[in-house]
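Just so it is clear, none of the values below were taken in a lab; they were calculated from the coordinates. Quantities reported herein were computed from a predicted structural model and do not represent experimental measurements. Note: ideal-geometry Cβ built from the backbone for every residue, glycine included; neighbour counts use all protein chains shown.
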Amino acid sequence: MSQTLGKDSAIAIVGGGIGGLTLANALQKQGYERVTVFEQWEHMKTRGGHISIMPAASGGSLPVLEALGLHEKVNAVAPVVRGIKSLANRHVLGEYPISLGPRIMREALQHILLENLRPDTVCLGKALCGFKEKGNNVELLFEGGVTEMFDLVVAADGINSTVSRQLFPDCGKQFSGFVYYACLAKGAFMPEGLFYDHHVHGAGKAFTVRAVSGAGLDGRWDGAYFVVRADAPASSAWDSEGTKEHIQPLLALMREHAGGCPSWLMEIVEKSERVWKWGIYEHSSKPSWISAGGRVVLLGDAAHAMAPFLGLGAQSAMLDAHALAAELVRDQPLADALLAFETQRKGPCEQITRMANFEGMGVTSFGLAAAYRNSLKDLVRKWYGWLGTLSPQWFGQSAAALLVWCYMRGFHASERCNAIIYK
């Protein structure tokens, strides 16, 4: 295996989503001349709602767009979310004046990334069947029997990744127990700059609705996202359609336990042009993101599919891309570059995956668990921030981690009590 990857090395990126396109942009900006993105669809297929581009302080991907010189294009399109209003059964738990960055429609961000690439970077209609590592090269096998050789292959082909499945057949996606209903209406309906978070619970049932405004290249889109628990798995396909009728029982629960819902929220649901129902799936932790031959590496959902409840899924893929490009351009062997990338990103992403699942449990909790969460969440948040400022730094970080551990254990205990009470 050759020790370094040169600027004229052939690099294949499997998957033309946000992570893959971000990596292609980052590599081309660093001077890599032979970067090819393979997308299975005949055209750039994008479904989904908004993506937040949060500042670095919130773990977001704004620095990635700044490094690519694309942040101004995003800012020109998308409104900035400037505050969070958190409620439980109509009672305000807190209002936080915090910038969550611009909120852009997924297809708009994908278009901006695509338009910034050199012509012919993306090959459409190339569905991957598998790969073989052959010494210093990787052979990609596509539908129709076509093969191509590359020096490095980056799998950014999502939660159903062909590459990931071949590398780690026992680490496939798992149903998280949550279902998401997304309603998107074109136009301005809700207060501008607001992230509205409302946890509704009662009589052994619960859900959370999160509403926020965003924008695409065709103007403003306001969205309402409802999350519930479910025993039966639901489809995770981007084009899995939902109906407004699916939302009606949730609105009825809101009227019963939260005294109704804002008129603008009703209007978003009623005037939605896009309604989806998604089962939320995750990946279990993989032993590595790097192939045995050291010429294939995973990125984004192919490596660490996570629930969307922290808003960090697509942003994590962008951060992956930025970190991988930064390591590849360093004067070091390819094996060292890939290992440094994995060391930087694997642990944090797995932690986000765990915390996103925990957030899903919290926002769908009821009974004793809901009371525990809603009475302590803001207090824990404040203490966590304060502990992080203590010196020495290791002590503050350790104390903050212990606080979160205790809070999570208490929540899980309250969930177990619920299981007895509502059996």
If I take the Cα coordinates of the range 366-421 and project them onto the principal axes, what are the three extents in Å, biggest first? 44, 16, 7
First measure r as the distance between the Cβ atoms of A399 and Q344, then evaluate 1/(1 + (r/R0)^6) with R0 = 25 Å and state the FRET efficiency to the nearest 0.05. 0.50
Using just the helices of the chain, give the 222 nm mean residue ellipticity in deg cm²/dmol: DSSP H runs with n ≥ 4 each add -39,500 (n - 2.57), and the total is spread over all residues, rounded to 500. -12500 deg cm²/dmol
Just report the Cα centroid separation between the range 114-139 and the range 79-104, whole Å. 40
So what is the relative contact order for the chain, in percent, with contacts set as C-alpha pairs under 8 Å and at least six apart? 19
Which of the pairs K73/K271; K132/K346; K29/K186; K286/K423; K73/K346; K29/K286 have their Cα atoms more than 32 Å apart in this structure? K29/K186; K286/K423
Cut-off under 20 Å on the C-alpha distance; same-chain residues fewer than 8 positions from K382 excluded. Which lysines are left, in chain and number order? K85
If one takes the longest principal axis of the Cα atoms in the chain, at what angle in degrees, from 0 to 90 and to the nearest 10, does the Cα axis of helix 313-328 lie? 30
Under a Cβ-only charge scheme (Lys and Arg +1, Asp and Glu -1), can you give me the dipole magnitude of the chain about the Cα centre, in debye to the nearest 20? 1220
Based on alpha-carbon atoms only, what is the radius of gyration of the range 175-281 relative to the globular estimate 2.2 N^0.38 Å? 1.04
List the extent of the Cα atoms of the chain along each of their three principal axes, largest first, rounded to whole Å. 64, 50, 41
How many angstrom lie between the Cα centre of the range 283-343 and the Cα centre of the range 161-194? 19
Can you tell which of C171, I112, G259 lies farthest toward the positive end of the dipole of the chain, using +1 and -1 charges on the Cβ of basic and acidic side chains (Lys, Arg; Asp, Glu)? G259
Here the gain from full extension of R354 to C417, 0.36 nm per residue of separation minus their alpha-carbon distance, amounts to 20.5 nm
Excluding L319 itself, what net charge comes from residues whose Cβ is under 15 Å from its Cβ, given Lys and Arg +1 and Asp and Glu -1? -4
Distribution of pairwise C-alpha distances over the range 311-408, 5 Å bins, in %: 2, 11, 15, 15, 15, 16, 11, 7, 4, 2, 1, 0
Give the Kirkwood hydrodynamic radius (Å, one decimal) of the range 1-158, defined as one over the mean of 1/r across all pairs of different Cα atoms. 17.6
One quarter of the convex hull surface, Cα atoms only: what value does that give for the range 1-94 in nm²? 10.1
If I take R0 = 25 Å and measure r between the Cβ atoms of A127 and C171 in this structure, what FRET efficiency does the formula 1/(1 + (r/R0)^6) give, to the nearest 0.05? 0.70
Please give the net charge around C261, taking every other residue with its beta carbon less than 12 angstrom from that of C261, where Lys and Arg add +1 and Asp and Glu add -1. -1
In square nanometres and to one decimal, what's the mean projected area of the convex hull around the Cα atoms of the range 297-339? 3.0
Hey, with R₀ at 22 Å, roughly what FRET efficiency would E72 and D218 work out to, going by the Cβ-Cβ distance, to 0.05? 0.70
Once every Cα of the range 268-366 carries one equal point scatterer and solvent is ignored, give the base-10 log of I(q)/I(0) from the Debye formula at q = 0.20, 0.21 Å⁻¹, two decimals. -0.98, -1.05
Rounded Å value of the spacing that divides the Cα centres of the range 1-62 and the range 350-423: 34
Taking K and R as +1 and D and E as -1, what net charge do the other residues with C-beta under 15 Å from the C-beta of V363 add up to? +3
